[in-house]
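Report on one structure; see the data block that follows.
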Amino acid sequence: MDVSLRIKRFDPEKDRRPHWETYRVEVEPTDRVLDALHQVRWYQDGTLAFRRSCAHGVCGSDAMVINGQNRLACVLLVQDVGTSITVEPLRGLPVLKDLVVDMDAFFAQYRTVLPWLHNDGDPGETERRQSPEQRARFDDTTKCILCAACTTSCPIYWANDTYVGPAAIVNAHRFIFDSRDEAGEERLHILDAQSGVWRCRTAFNCTDACPRGIKVTQAIQEVKRAIVDPG
Amino acid sequence: MEIHRHRFDAVIVGAGGAGLRAAIETAGKCRTAVISKLYPTRSHTGAAQGGMCAALANVEEDSWEWHAFDTVKGGDYLVDQPAAQIMCREAVDAVIELEHFGLPFNRTPEGKIDQRRFGGHTRNHGEAPVKRACYAADRTGHMILQTLYQQCVARGVAFFDEFQVLDVAFVDGDPRRGVAGVVAHELATGDLHVFECAAALFATGGFGRIFKVSSNAHTLTGDGPGLLWRRGVPLEDMEFFQFHPTGINKLGILLSEAARGEGGILRNADGERFMERYAPTVKDLAPRDMVSRAMLLEIKDGRGCGPDKDYIHLDLTHLPPEQIDEKLPDIAEFVRTYQGIEPKTDLIPIQPTAHYAMGGIPTNVSAEVILDAADTVAPGLYAAGECACVSVHGANRLGTNSLLDIVVFGRRGGAAMAEYVQGREPAGLPAGFGEETRRTIEGLLGGPAGAARVADIRAELQEEMTEKASVFRTDESLRAAAAAVDRLRERYRGVAVADQGRRFNYELSEALELGYLLDVAQALVAAALARTESRGGHFRDDHPLRDDANWMRHSLAFRQPDGTVRLDYKPVVGGPYLPMERKY
């Protein structure tokens, strides 16, 4: 099928401001939007910049705004978007070139929640025990691939980039509710600050945006509740 | 084009499981730079699904020695047995350590790490399948990658993200004299960065993108093996490439062997469970090389599924729906997304997909790179993970052993490298190091308009390799493949990059990657042509039997100054297991 791909382009080496370019590509209905972008880069315009790697939704490289929504280009099929596809870079992060945004602030915010297991106890030579129920408690937030789709869908984040954003909270949640972790209180304290969870106004954009189906807003609410009632 | 300079004790090239595990080991011991062309969490370790085997015996009786036997037999006796013994023995500690690092494994009712079945893993030397794979749903690789990255963040590891390493410098240009540095292309700026160092560990992953239908990420292009090969390092056992039986039809996206570990069945057009004929004991859980061949034979004999009779069905419809939700959620979602069908009720069209390189940069069990058949070590040069060949996988890797490999030999390599650089200053870079890379890039950027296009050459390479050098090979097909690769290498000399910009010039990156793809394809075809037997992932229609008298040896492919390939061989290191016929 013949598809029109309208892409927001910006090359700071050449352009003073972003502009739109439209490409016509021939694709199969079951092709991914990523395949259409490849058609452009490989056969029409080699200057088009976008990140990608695994091409099936597990590496998190190709989050972008497709027809107004944050999506991974490799998880969205052309037949589900239609013949007129508009592609823009994620909002809320500086655009470096075309669809490539600066991820530094995003990863810096991720690091502020101390995203690793804290446990000073000696576990001995075998595994720490954890019941299936305890393991299930934080399963949802272990799925995060740090693609930034949630954080850059958040209107609060667009307006205030000191907010740690949904992805950082998701990664804090993953440890706060892990029975093996001992730094929950510290993380809750971090997220109780000005830049933390109270910025969230439960717009649910993040949950809609997550390509892994994580209930992001719910995770944020659970962290809020844990701050109010640590017991 | 600016050239920036850095000085570290050690560099790690690649930030997947092997690179990150090595970085954890060097942290606090020596100044280490981790240089990766992707953000670390984008690495393809994250796409691994099913599990990581270790004889914990949490669910069923097991021993690391049975695991070692399965690994050797699964590798069709081309495995270096002491290396496999080390890997399988250290597997137990490696899994426990990952749990201590925070990895959220699935649990047994008693709270221990849960385990499940996987292809080729058996109890007591082949009696029956055994539950040995430790797992986290069907996203074990994702959990390993995230957990190792988290541990690197905790240790303040110095990352150079989106820096593509393009060349290595040796003292006096001789790998026997020691590592002097690497040069990397910074994607964000187009600048070059020279890293002076006393040691380097390559962990750049695989090169499955030489084939058309592949489970590999677009970025798995053999950069590490390719650039080292150009500098005189051989590549070992390149003819052995694994095709995973259950790739999504036409796309190649991986559907984990865990689907069969959980009870999934392969069926032909007649609905027959055909693996009962090929592997009566373990059936659908036979090793991947055997299953992929069986599938293609079914198709060849007219029992393929679909209107063109060109695929096989994976049947999960008899599994309890909640088992699919709990144990196989991601692959079920892949099937829904990319095939538009429901795995709980529909049969899944699948085909073999290019998956894993058993061969690569030769190393010993300390991950030190080996330069020849006499096992001469390249001082300060290390490799681990899929880009390396220890050899623990021999002619065919067992499922889950790749995740084990990256963790065990990433750790060993990191430890060996940290020890090597103690009290050792970087040797100093050769004058003008980086200039050749600059000229290469300027050459690609300055190519004539209308010259050869990267995408065309790459597509043709993938077609040729798939048709002539994949699951079934012959002398004739491999000679044709060699001629095709030579022709494409010639065309590549004239390749031109239209994008003249410096920032995020992905067209340029892909042109550089294509150079490495052509290199590894050339080595693969040369080694496959010479090996006149069938073993593991290398199957020759014209030499269908294993030939232990002549071929119990590893190939070493060398790049000659004139661009051709010279082959040498070194013996397989034996151990307790004598070669026997591989029946399952």
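Overview of values
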{"quantity": "Subset of region B:206-233 [part of a loop (DSSP other than H, G, I, E, B), of a type outside the set (A, V, I, L, M) and over 22 Å from B:Thr437 (Cα atoms)]", "calculated": "B:Gly206, B:Phe211, B:Lys212, B:Ser215, B:Asn216, B:His218"}
{"quantity": "Search result, residues across region B:288-327 that are at pLDDT below 95 and outside any helix (DSSP H, G or I)", "calculated": "none"}
{"quantity": "Residues (surrounded by fewer than 20 Cβ atoms within 10 Å (Cβ to Cβ) and under 29 Å from B:Asn396 (Cα atoms)) located in region B:320-329", "calculated": "B:Pro329"}
{"quantity": "Residues of region A:143-176 classified as in contact with a helix residue (DSSP H, G or I) (Cβ under 6 Å, 6 or more places away or on another chain), farther than 13 Å from A:Ala105 by Cβ and surrounded by fewer than 24 Cβ atoms within 10 Å (Cβ to Cβ), total", "calculated": "1"}
{"quantity": "B:Glu25 vs. criteria part of a helix (DSSP H, G or I), free of Cβ contacts under 8 Å to residues at least 24 places away in the same chain and away from chain A (no Cβ under 14 Å)", "calculated": "no"}
{"quantity": "Qualifying residue in region B:256-277 (condition: away from every other protein chain (no Cβ under 14 Å), under 12 Å from the mean Cα position of the chain (by Cα) and either at positive phi or surrounded by fewer than 23 Cβ atoms within 10 Å (Cβ to Cβ) (or both))", "calculated": "no"}
{"quantity": "Among residues of region A:132-152, those that are under 30 Å from A:Pro89 (Cβ atoms) and among the small types (Gly, Ala, Ser), counted", "calculated": "2"}
{"quantity": "Any chance A:Asp161 is in the same structural domain as A:Arg17 (by TED's automatic domain parsing), closer than 25 Å to A:Arg16 by Cα and charged (D, E, K, R)", "calculated": "no"}
{"quantity": "Entirely in region B:420-535, the helices (runs of 4 or more DSSP H) that have 2 or more residues that are over 25 Å from B:Ile361 (Cβ atoms) and more than 14 Å from every other protein chain (Cβ to nearest Cβ)", "calculated": "B:435-445, B:454-468, B:475-492"}
{"quantity": "Yes/no for B:Ala33 being modelled with pLDDT of 95 or more, on the phi < 0 side of the Ramachandran plot and in contact with a strand residue (DSSP E or B) (Cβ under 7 Å, 6 or more places away or on another chain)", "calculated": "yes"}
{"quantity": "Contacts under 9 angstrom Cβ, first residue in region B:285-313 being within 18 Å of B:His244 (Cα to Cα), partner in a helix (DSSP H, G or I) and among the aromatic types (Phe, Trp, Tyr), 6 or more apart", "calculated": "B:Ala286/B:Tyr278; B:Met290/B:Tyr278; B:Val291/B:Tyr278; B:Arg293/B:Tyr278; B:Ala294/B:Tyr278; B:Leu297/B:Tyr278"}
{"quantity": "Sole exception among (1) away from chain A (no Cβ under 12 Å); (2) out of contact with any Lys or Arg (no Cβ under 6 Å at 6 or more places or on another chain); (3) surrounded by fewer than 24 Cβ atoms within 10 Å (Cβ to Cβ) for B:Ala33, by number", "calculated": "(3)"}
{"quantity": "Selection from region A:139-154 of residues that are at negative phi and within 9 Å of the chain's Cα centre (by Cα)", "calculated": "A:Cys144, A:Ile145, A:Cys147, A:Ala149, A:Cys150, A:Thr151, A:Thr152, A:Ser153"}
{"quantity": "Test: residue in region A:177-191 that is more than 13 Å from every other protein chain (Cβ to nearest Cβ) and touching a Gly at 6+ places or on another chain (Cβ under 6 Å)", "calculated": "no"}
{"quantity": "Residue in region A:41-60 that is nearest to the other protein chains (Cβ to nearest Cβ), counting only those that are part of a helix (DSSP H, G or I) and not basic (Lys, Arg)", "calculated": "A:Trp42"}
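The values are calculated or read from the model by the stated rules, or taken from the named source; none is laboratory data. Just so we're clear, the structure is a prediction, and the values are computed from it rather than from any experiment. All Cβ positions, even for glycine, are placed from backbone atoms using ideal geometry, and neighbour counts span all protein chains on display.
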